[in-house]
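Student: First the structure, which I've put down as structure tokens, then a few questions once you've had a look.
Laboratory data are not the source of any read-out in this text; all were calculated from the coordinates shown. Keep in mind the model is a prediction, meaning the values are calculated, not measured. Cβ coordinates were reconstructed from backbone atoms using ideal geometry, including for glycine residues, and neighbour counts include every protein chain displayed.
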Amino acid sequence: MKSIYQTNFKNQKVLVRVDFNVPLSFDKKVTDNSRIVAAKKTINKIINDGGTAVLMSHLGRPKGNDPELSLSHIVKSVEDVLGKPVVFSKQTIGEATQQIIKNSKPGQIILLENLRYHKEEEEGDNDFAKKLSKLGDSYVNDAFGTAHRAHASTCVVAKFFTKNKFAGDLLLKEVDSIKKVIEDGQKPVLAILGGAKVSSKITIINNIIDKIDKLIIGGGMAFTFIKAQGGKIGGSICENDKLDLALSILEKAKQNKVEVCLPVDVLCANDFSNDAETQICPINQIPENWEGMDAGPESLEIFKKVIESSNTILWNGPVGVFEMETFSKGTVAVGNFVSKSTSSGAFSLVGGGDSVAAVKQFNFSNKVSYVSTGGGAMLESLEGKTLPGIKALEQ
Ligand code: AMP
């Protein structure tokens, strides 16, 4: 896979797949511009080389040409982030768009209308991809968040650029950070898996179990393991059809000499609410009608030792119901341990879904090595799948 830093885009029209699928307020203002900020380095590299950046993205899930989901709403935000004017093309493809691009000057930025106004985008349609390919001399994919989709703009279009296709800065960083954990991880390598369900993490566990040295299992998914081992978990969240699976994971960990840390105590509540009554219980002796909501103090002491003695850390999933303040302390503590370990030289990657939200909410983003921007794409990478968007750049 070639990187944008291995070429010069001078005088080229560069078709760039970005992920500008940003949240909009009711009056169509961008409420979180982090995805636009994340694409800045790639766009700047192209325009600083003297190329034209032709940006394409999807926004939401429009049914046809839904004006509510027009990318015109985000033009101002893109201009603010880049500090440069942006020309908006009302059509995604076609004559008028080609004309705008043809007339553009080196260093200009053009933003195309929502790719998903065309149903062919998600279908991965060959003709639509071919039409997109007419809009650039080179193709850059910087949309890691959609790299797990075989859509026209994320995957199929790449085949029309035999040589001139490149990975953008963000996509490279995401791929590198996974590699730093899964392939080149400095031992001891630790995975902290939390969140609600074992079932959503099983493929990840299977893929990483022979690549890690330690595994912390926290959050709601821990109860399936505790029950499988004969513990009483009261009304805690549990996947009863995954008890055997939990035991087989523990067995597999043993075979691979992976040290598994399950919580030993838990903050329980008599109701799934922030104002519920609480008590600390041994994890395997939770009374009926009480449910485990957050890691207990003894568990956190164990997690602390394990985290602070690891050189590579992957964190996916909160260790408690962090959305409720009363049950957020375990996740905050884990964030602190990971931050401390990082400041002592460990590489830490936070990826996939709610752990990313937690890290942002509690301001750990700058204290860990890398926070992934690609939820589903990150999870699929951790599951060991080759992402179609990345494969297309490699072929
Ligand atoms: P996931 O998307 O699988 O990472 O799950 C994240 C969700 O797991 C968050 O919404 C948490 O509130 C939830 N979660 C974490 N710990 C628990 C728990 N002990 N009981 C119920 N839900 C939990």
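Student: Please report the spacing between the Cα centers of region 62-134 and region 199-265 in Å, no decimals.
Tutor: First find each Cα centre; the distance between them is then 46 Å.
Student: Quick one: Cα centre-to-centre distance for region 308-323 and region 364-386, in angstrom?
Tutor: 13 Å
Student: Still on this structure: At most 14 other Cβ atoms within 10 Å and a DSSP loop assignment: could you name the trypsin sites (Lys or Arg not before Pro) in region 299-351 that fit?
Tutor: none
Student: Same structure again: Could you let me know the centre-to-centre spacing of region 139-155 and region 171-194, using Cα atoms, in angstrom?
Tutor: 22 Å
Student: Quick one: which residues, 5+ away or cross-chain, put their amide H under 5 Å from the amide H of V16? H built at 1.01 Å from N.
Tutor: V54, L55, M56, V140
Student: A further question on this structure: Let me spell out the model: positive unit charges on the Cβ of Lys and Arg, negative unit charges on the Cβ of Asp and Glu, origin at the Cα centre of the chain. What dipole size does that give, in debye rounded to 20?
Tutor: Roughly 1820 debye, rounded to the nearest 20.
Student: What do the square roots of 5 times the Cα gyration tensor eigenvalues come to for region 70-194, in whole Å, largest first, as semi-axes of the equivalent ellipsoid?
Tutor: 31, 18, 15
Student: Among residues other than K232 whose Cβ falls under 13 Å from its Cβ, what is the net charge (Lys/Arg +1, Asp/Glu -1)?
Tutor: -1
Student: Bins of 10 Å, beginning at zero and ending with the bin holding the largest distance: percent of Cα pairs per bin for region 38-93, please.
Tutor: Calculated P(r), rounded to whole percents: 20, 51, 25, 4.
Student: Now for a separate question. Given the -39500 (n - 2.57) contribution per DSSP H run of 4+ residues, what per-residue ellipticity at 222 nm results for the chain, rounded to the nearest 500 deg cm²/dmol?
Tutor: -9500 deg cm²/dmol
Student: Now for a different question. For the chain, what number results from the quotient of the Cα radius of gyration and 2.2 N^0.38 Å?
Tutor: 1.09
Student: Now, a different point. Using all C-alpha to C-alpha distances in region 123-172, build P(r) with 10 Å bins and read off the rounded percent in each one.
Tutor: 30, 56, 14
Student: What is the diffusion coefficient of region 237-395 in µm²/s, taking the Kirkwood radius over Cα pairs and the Stokes-Einstein relation at 20 °C with a viscosity of 1.002 mPa s?
Tutor: The diffusion coefficient I find is 124 µm²/s.
Student: Right, here's the next one. To the nearest 0.05, how large is the calculated FRET efficiency for D127 and D32 if R₀ is 30 Å and r is the Cβ-Cβ distance?
Tutor: Efficiency, rounded to the nearest 0.05: 0.30.
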